[in-house]
Amino acid sequence: MSHLESFIAEYLEWKGFLIRRNIKVGRLRHGGWEMELDIVGFHPHDQRLVHYEPSIDALSWEKRETRYQKKFEAGMKYILTELFSWLPPATEIEQVAVFISHPEDRDTIAGGKIVPIDELMAEIRTAVIACGPMARNAIPEQYPLLRTIQMSHSGYYRAIQPVES
């Protein structure tokens, strides 16, 4: 699992999602699997089902389209039958591709939403900073990446401004 996958999975779990990570789906008769889905999460209170496929690749958009078409189709095929089979078959799946960036005129790929890493990081950072200093509202220790952001941005007792060198 990449650092980006870990970070996204931690954030979603912290937000109340039940998470499945790097899960192989579609067992093949001759052995192996049809696909691996990076992060799939279900939020039981909001009834939201999400499928994230982050990448820091440098592929062309044509190659990405082909790759993500396969990943998102496998997600649509197997998430409700193999991962969260208790959900109604008509449950909507939000599919998200996280990339370094994307062209201004392109917000989707293979039917999924494109989110630039910097936008996702800003969302996560804002949510973590809203918790305030760790001494008053520490993020639970099972989320070490989020706790690191809390410590670096909000401090333990209070945020300290960096010293200019």
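Brief remarks on what is shown
- Of the beta bridges in segment 47-165, as assigned by DSSP with both residues counted there, near 15 percent are antiparallel.
- Sorting TRP33, TRP14 by accessible area puts them as TRP33, TRP14; the probe is 1.4 Å, largest comes first, and only protein heavy atoms count.
- Which of LYS71, LYS63 is most accessible, then next, and so on - probe 1.4 Å: LYS63, LYS71
- Computed over the chain, the quotient of the alpha carbon radius of gyration and 2.2 N^0.38 Å is 1.17.
- Accessible area of PHE42 in the full protein assembly, 1.4 Å probe (Å², nearest 10): 10
- Each residue of segment 37-51 was assigned a 3J(HN,Hα) from its phi angle through the Karplus expression (A = 6.51, B = -1.76, C = 1.60, θ = phi - 60°), giving 9, 5, 9, 10, x, 10, 9, x, 7, 8, 6, 9, 10, 10, 9 Hz with x at Gly and Pro.
- Extending 7 Å from Cα along the Cβ direction at ARG29 and again at ASP107 yields two label points whose distance is 4.4 nm.
- Rounded to the nearest 0.05, the FRET efficiency derived from the C-beta distance between GLN161 and LYS15 at R0 = 41 Å is 0.90.
- Heavy atoms of GLU92: accessible area, 1.4 Å probe, square angstrom to 10: 140
- Length-normalised contact order for the chain - Cα pairs under 8 Å, 6+ apart - percent: 17
- Segment 1-88 - accessible surface per residue (Å², probe 1.4 Å): 54
- Residue-count net charge about LYS77 - beta-carbon cut-off 14 Å; Lys, Arg +1, Asp, Glu -1: 0
- Legend: distances between Cα atoms for LYS70/LYS113; LYS15/LYS70; LYS15/LYS63; pairs beyond 21 Å are LYS15/LYS70; LYS15/LYS63.
- Considering only GLY31, GLY41, GLY155, the Gaussian network model of the chain with Cα springs below 10 Å gives its largest mean-square fluctuation to GLY31.
The values are calculated or read from the model by the stated rules, or taken from the named source; none is laboratory data. Just so we're clear, the structure is a prediction, and the values are computed from it rather than from any experiment. All Cβ positions, glycine included, derive from the backbone under ideal geometry; neighbour counts span all protein chains shown. For the accessible areas, the whole protein counts, side chains as well, though only heavy atoms, and no ligand, DNA or RNA atoms are used. Shrake-Rupley method; radii C 1.70, N 1.55, O 1.52, S 1.80 Å.
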